[in-house]
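What follows is a set of notes on a single structure, which appears directly below.
The values are calculated or read from the model by the stated rules, or taken from the named source; none is laboratory data. A quick note: this is a predicted structure, and the numbers were derived from the prediction, not measured. Here the Cβ positions follow ideal geometry from the backbone for every residue, glycine too, while neighbour counts run over all protein chains shown.
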Amino acid sequence: MNEPDLKRTRRNGQPPTRLIERLPPHDLEAEIGVLGCILMDSAVAIPECDIICAEDLYDLRHREVFSHLLAMHDEGIPIDMLTVNSRLRDKGKIEAIGGIAYLSSLPDLVPSVHNVGQYAKIVWEKARLRRFIRVGTDIVGKA
């Protein structure tokens, strides 16, 4: 009678399964909300976004735009559609983020600049979950 290989068999008798590929937690609408609010009124929006950094945004286009918006704010450059477009074009990034059409669509997708704090909180929470998953995966991999 063949004994089961205990090194290869799970406790429930099922063979080990491969890790399931899943999309990490993110909320593109909240990211768009943050960017749209900053483009609408940076003086109100940027202080409300101090809980997040560019790396907290999941979409790479959003990271790029957010980092430039923060840099412009820090440099004292007024933030509006023309100045942001000019900066991204000068840095060779405007096409990478989807062009002026995508950039100009961001404020249109936001109902109110006064909700930016909530959008930033959602972005921060999703980023935190991704960090937890990354750390947990690293721990499981080392175990």
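Results, tabulated for the structure shown:
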item: Odd one out for Tyr58 among (1) buried (at least 18 other Cβ atoms within 10 Å of the Cβ); (2) farther than 15 Å from Glu29 by Cβ; result: (2)
item: Counted residues, the range 104-116 - those being touching a helix residue (DSSP H, G or I) at 6+ places or on another chain (Cβ under 6 Å), assigned to a helix (DSSP H, G or I) and within 19 Å of Tyr58 (Cβ to Cβ); result: 2
item: The range 112-143, residues that are more than 28 Å from Leu39 (Cα to Cα) and either in contact with a strand residue (DSSP E or B) (Cβ under 8 Å, 6 or more places away or on another chain) or among the hydrophobic types (A, V, I, L, M, F, W, C) (or both); result: Phe132, Ile133, Val135, Ile139, Val140, Ala143
item: The range 85-102, residues that are assigned to a helix (DSSP H, G or I) and without any contact (Cβ under 8 Å) to a residue 40 or more places away in the chain; result: Asn85, Ser86, Arg87, Leu88, Arg89, Asp90, Gly99, Ile100, Ala101
item: Selection status of Arg63, in a helix (DSSP H, G or I), modelled with pLDDT of 95 or more and surrounded by fewer than 17 Cβ atoms within 10 Å (Cβ to Cβ); result: no
item: Out of Ala96, Ala120, sole residue that is surrounded by 14 or more Cβ atoms within 10 Å (Cβ to Cβ), touching a helix residue (DSSP H, G or I) at 6+ places or on another chain (Cβ under 9 Å) and within 29 Å of Pro25 (Cβ to Cβ); result: Ala120
item: Answer residue from the range 66-93, given it is of a type in the set (Lys, Arg) and under 16 Å from Ser104 (Cβ atoms) and is surrounded by the most Cβ atoms within 10 Å (Cβ to Cβ) among those; result: Arg87
